[in-house]
Amino acid sequence: MNYADVIVDITLEKLDRTFQYRIPAGLTSSVRIGSEVLVPFGRGGRRLSGFVVALSDEAKVPEASMKDILSVEETGKEGDKTTGQLIELAGWIAEHFGSTMNQALKTVFPTGNRGKIREKKLVRLAVDEVSGRKALDELLQGRRHSLARERLLSELLDQKEIPWDVITGKLHIGSPVIRDLEARGLARVDSVRTYRDPIGDLKKEEKRVELSEEQKDCLSIVRKDREAGIRKPYLLYGVTGSGKTEVYMELIQDCLDRGEEAIVLIPEIALTYQTVMRFYQRFGELVSILNSRMSPGERMDQLDRARNGSCRIMVGPRSALFTPFSHLGLIIVDEEHESSYKSEQAPRYHARDVAVKRGELAGATVILGSATPSVETFEAAEEGKIGFLTMKKRVEERPLPSCEIEDLRQEMREGNRSILSRRLQELMTDRLDKGEQIMLFLNRRGMMGFVSCRSCGKSIKCPHCDVSLSLHRDGRLHCHYCGYSVPMPKTCPTCGSPYIGGFRAGTEKVEEAVKVRFPKARVLRMDADTTRAKGSYREILEKFANREADILVGTQMIVKGHDFPYVTLVGILAADMSLNASDFRGSERTFQLITQAAGRAGRGQIPGQVVIQTYQPDHYSIQCAAAQDYPAFYEQEIEYRRLLDYPPAGHLLMILLTSENADHVRKESESLASALREELKKDPDSRVRVLGPEDAAIARIRDAWRKTIYLKDASYDRLVLAKDLAAVYIREKLKYSDVYVWFDFDPL
């Protein structure tokens, strides 16, 4: 191959295309797909880094105008192979989820501040022991012998190497003495790379559990397939408390025994501590983590550890999926149904789908685990598109928690205005008397939610976003989108009425109500407001795990994957809140949240109980969640999806247009929708429906107006082709430069 297509400097969004360069004779053996290269660019001797994305023998531009690659960043064959896989993965992401190649590459190879490399200095004995002893004798016999010099040489003869800071700190020997021994050729000072430890003080514990028959059966299926050369995705569907993590760890051990590496994806940073603790206790320093709360230096160190092989298991949210392992053998996506696996920024990829693709490229097994699988994944397993592993019993055959549904309408009719139903209060009193623990789940932070005037009916909205402001304990109204804040007014800004107040209790209000009703109870709250500081997740979870609190109040982050053996009661305070969202996945999310929350109860020796408070007690998602019956829920839900052509029965492409100029975004959205309809009519076989444009669900955020166009079709591939048509229009016919366009397939 004589020529290379190079995508240049992924930090520069405007250079989102490839440029062809000649491969000099001296570099032909080093340039491969995935190689990082230095190339001349433009005039004035400018040099940029880039990645080789294709090789060919055919020149696309005249030889006279083509430039040579200057150098190759040597990463070794395995490093180039991994980089090549990740570049191919980036190309798939760009095509499959509708983004530029640069956006996809920046996702796969994060740019920006890498942090400062840390090093420590080691002082080592530079001569053999016989020569060292002789030199020590000479120092002792000298007229002007130095006690410090003799002490240091004596210590080096005993230990061979000592950290510089130990010598100057604990031994109280100054640096001039070290330099003197170095000048005499008796000592050598070396700098050694050190790595920041984001895990802290966790310790490895040799603790193995006896696997259940269901766990063994699941492992047997995967192992037999592996021996037969079959490496594919599987759904591991196990009820809450069935021991999915133990299956993960056995599969990871198999992976390590083969000399391979594993990635474990988790949906929330909140899960990192408990998850890492369990994996670290089993695998020790082979485990590391990645998450957005880490400093650039910590992230850089963990990625470098993955490259050099000192870390072989990476745990983290979706960004951990791009860990540069060169012998990747296993990818686990825990709680695969979670919406946080979908990126909210371009490219709007779904980590579950990308994990399957990376597994395909690397020849790795992929495990998608959940007690409440997404409808898409469950359908794929039911139809045999992926493997299906099931675990229907809890560990040690512990019973699932018993669930009661409390009708809040009846509570209101009978005069109970409290956030807590009478039955829940009764059970909380019982558990507190017994010294057991309670979790109260509400998927809403803030003190009271939106504030409204009871005279004119107007709610107080953010002036920059088309959303209501929320009242917090600090007495101010906050926007959860842009951060705008204003003091709580005493009268209505619209009509001047004094009758304004908040509606819908948030976690702060629940915490207050619980403290009033149970003044002796120790209460913790865990939501986005109480976990802003680094380490706050771990601090709250450790306190609750150590039984330093009786009641934990929180949002979604308290109900996902945590294992507290003394929690015997879970209260779900507003089960149907997500049912009222303008989202076709509302029923699915409601079922998942209730089931996951209920699954926190009774994970120890004491049976658990769950109280589900709702205004819609007869809804099938709530009834099925109370019965812990996923198959019944799936049968009902998939019928609705098929009836309305929603995923997985059909697919959606959302095109989002934004601009600070409302007129510009309106005109561009109308023109784009019209152009798409005209282009799609030219294909008699096309069944793609173009819906809109309409205002986005939130019409304005941070002063940017938002319009959406939806494309709907049974075929994902046809929507990809429609996306390509839209991309051509945007590149060639978009009139206003202040209008920005994003694509989102099967949006959440």
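The values are calculated or read from the model by the stated rules, or taken from the named source; none is laboratory data. Just so we're clear, the structure is a prediction, and the values are computed from it rather than from any experiment. Every residue, glycine as well, gets a Cβ built from its backbone with ideal geometry; the counts of neighbours run over all protein chains shown. For accessibility, only protein heavy atoms count, side chains too; no ligands or nucleic acids. Shrake-Rupley method; radii C 1.70, N 1.55, O 1.52, S 1.80 Å.
Glu383 meets each of the listed conditions (1) out of contact with any helix residue (DSSP H, G or I) (no Cβ under 9 Å at 6 or more places or on another chain); (2) open to solvent by less than 20 Å² (accessible area, probe 1.4 Å) apart from (2). Residue count for the stretch 505-540 under the criterion of being of a type outside the set (S, T, N, Q), assigned to a helix (DSSP H, G or I) and within 10 Å of Gly554 (Cα to Cα): the result is 3.
For Arg352, state whether it is buried (at least 20 other Cβ atoms within 10 Å of the Cβ), closer than 26 Å to Ile263 by Cβ, basic (Lys, Arg) and in contact with a His (Cβ under 9 Å, 6 or more places away or on another chain). It is true that Arg352 is buried (at least 20 other Cβ atoms within 10 Å of the Cβ), closer than 26 Å to Ile263 by Cβ, basic (Lys, Arg) and in contact with a His (Cβ under 9 Å, 6 or more places away or on another chain).
Only a single criterion out of (1) part of a helix (DSSP H, G or I); (2) buried (at least 22 other Cβ atoms within 10 Å of the Cβ) is not satisfied by Ile438, namely (1).
If only residues of the stretch 580-590 that are assigned to a helix (DSSP H, G or I) and at pLDDT 80 or above are counted, the one that is farthest from Ile606 (Cα to Cα) is Gly586. Do you know which residues across the stretch 301-321 are outside any loop (DSSP other than H, G, I, E, B), open to solvent by 10 Å² or more (accessible area, probe 1.4 Å) and in contact (Cβ under 8 Å) with a residue 40 or more places away in the chain? Across the stretch 301-321, the qualifying residues are Asp304, Arg305, Arg307, Arg318, Ser319. Of the residues making up the stretch 649-666, those that are assigned to a loop (DSSP other than H, G, I, E, B) and open to solvent by 20 Å² or more (accessible area, probe 1.4 Å) are Ala649, Glu660, Asn661. Listed by first and then second residue, the pairs with beta-carbon distance under 8 Å, at least 6 apart or on different chains, first residue in the stretch 415-433 and farther than 14 Å from Ile551 by Cα, second among the β-branched types (Val, Ile, Thr) and outside any helix (DSSP H, G or I), are Ser421/Val611; Arg423/Val611.
Do we find a residue being among the basic types (Lys, Arg), under 30 Å from Cys255 (Cα atoms), out of contact with any Gly (no Cβ under 9 Å at 6 or more places or on another chain) and modelled with pLDDT under 90 anywhere in the stretch 218-228? Scanning the stretch 218-228, I find no residue that is among the basic types (Lys, Arg), under 30 Å from Cys255 (Cα atoms), out of contact with any Gly (no Cβ under 9 Å at 6 or more places or on another chain) and modelled with pLDDT under 90, so the answer is no. Of the residues making up the stretch 185-197, those that are open to solvent by 40 Å² or more (accessible area, probe 1.4 Å), at pLDDT below 90 and of a type outside the set (Gly, Ala, Ser) are Val192, Arg193, Tyr195, Asp197. Taken as a whole, the condition of being modelled with pLDDT of 95 or more and either assigned to a strand (DSSP E or B) or open to solvent by 20 Å² or more (accessible area, probe 1.4 Å) (or both) applies to Val333.
When the stretch 144-174 is examined, which residues are found to be assigned to a helix (DSSP H, G or I) and either surrounded by fewer than 14 Cβ atoms within 10 Å (Cβ to Cβ) or among the small types (Gly, Ala, Ser) (or both)? Across the stretch 144-174, the qualifying residues are Leu147, Ala148, Ser154, Asp158, Gln159, Asp165, Gly169.
The sole residue among Glu250, Glu210, Glu214, Glu246 that is in a loop (DSSP other than H, G, I, E, B) and either on the phi < 0 side of the Ramachandran plot or modelled with pLDDT under 85 (or both) is Glu210. Applying the set (1) part of a helix (DSSP H, G or I); (2) out of contact with any Gly (no Cβ under 7 Å at 6 or more places or on another chain); (3) closer than 30 Å to Lys723 by Cα; (4) modelled with pLDDT under 90 to Ile93 leaves exactly one unmet item: (4). Checking Pro607 against (1) open to solvent by 10 Å² or more (accessible area, probe 1.4 Å); (2) at pLDDT below 90; (3) touching a strand residue (DSSP E or B) at 6+ places or on another chain (Cβ under 8 Å); (4) over 23 Å from Glu426 (Cβ atoms): exactly one of these is not met. Which one? Checking Pro607 against (1) open to solvent by 10 Å² or more (accessible area, probe 1.4 Å); (2) at pLDDT below 90; (3) touching a strand residue (DSSP E or B) at 6+ places or on another chain (Cβ under 8 Å); (4) over 23 Å from Glu426 (Cβ atoms), the one that fails is (4).
If I go through the stretch 118-134 residue by residue, how many of them are in contact with a Gly (Cβ under 8 Å, 6 or more places away or on another chain) and outside any strand (DSSP E or B)? Residues that pass the stated criteria total 2. The single residue among Tyr341, Tyr349 that is more than 23 Å from Lys534 (Cα to Cα) and of a type in the set (Phe, Trp, Tyr) turns out to be Tyr349. For the stretch 337-368, give me each residue that is at pLDDT 95 or above and either among the β-branched types (Val, Ile, Thr) or closer than 10 Å to Leu265 by Cα (or both). Matches in the stretch 337-368: Ala351, Arg352, Val354, Ala355, Val356, Thr365, Val366, Ile367, Leu368. Tyr234 passes every criterion in (1) farther than 16 Å from Arg278 by Cβ; (2) part of a loop (DSSP other than H, G, I, E, B); (3) within 28 Å of the chain's Cα centre (by Cα); (4) not β-branched (Val, Ile, Thr) apart from (2).
For (1) in contact with a helix residue (DSSP H, G or I) (Cβ under 8 Å, 6 or more places away or on another chain); (2) hydroxyl-bearing (Ser, Thr, Tyr); (3) modelled with pLDDT of 90 or more, each residue gets a yes or a no:
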{"position": "Asp550", "(1), (2), (3)": "yes, no, yes"}
{"position": "Met557", "(1), (2), (3)": "yes, no, no"}
{"position": "Lys560", "(1), (2), (3)": "yes, no, no"}
{"position": "Leu569", "(1), (2), (3)": "yes, no, yes"}
{"position": "Ser578", "(1), (2), (3)": "yes, yes, no"}
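Within the stretch 667-690, does at least one residue satisfy the condition of being closer than 27 Å to Ser587 by Cα and buried (at least 16 other Cβ atoms within 10 Å of the Cβ)? Yes: the stretch 667-690 contains one or more residues that are closer than 27 Å to Ser587 by Cα and buried (at least 16 other Cβ atoms within 10 Å of the Cβ). Selection of the stretch 615-630 for residues being open to solvent by less than 60 Å² (accessible area, probe 1.4 Å), part of a helix (DSSP H, G or I) and not aromatic (Phe, Trp, Tyr) yields Ser621, Ile622, Cys624, Ala625, Ala626. Applying a threshold of 9 Å to beta carbon distances and a minimum spacing of six or more residues, or different chains, the list of pairs starting in the stretch 523-536 at a residue that is free of Cβ contacts under 8 Å to residues at least 24 places away in the same chain and ending at one that is outside any loop (DSSP other than H, G, I, E, B) and of a type in the set (Gly, Ala, Ser) reads Thr530/Ser536; Thr530/Gly554.
Entry remark, the stretch 29-69: residues being outside any strand (DSSP E or B), hydroxyl-bearing (Ser, Thr, Tyr) and in contact (Cβ under 8 Å) with a residue 24 or more places away in the chain number 2 in total. Under the condition of being open to solvent by less than 20 Å² (accessible area, probe 1.4 Å) and outside any strand (DSSP E or B), the residues counted in the stretch 541-573 number 10.
Beta carbons closer than 6 Å, at least 6 apart along the sequence or on distinct chains, pair a first residue in the stretch 121-141 that is at negative phi with a second that is open to solvent by 50 Å² or more (accessible area, probe 1.4 Å) and of a type in the set (D, E, K, R) for Leu122/Glu161; Arg124/Glu161; Arg124/Arg188; Leu125/Lys160; Ala126/Arg188.
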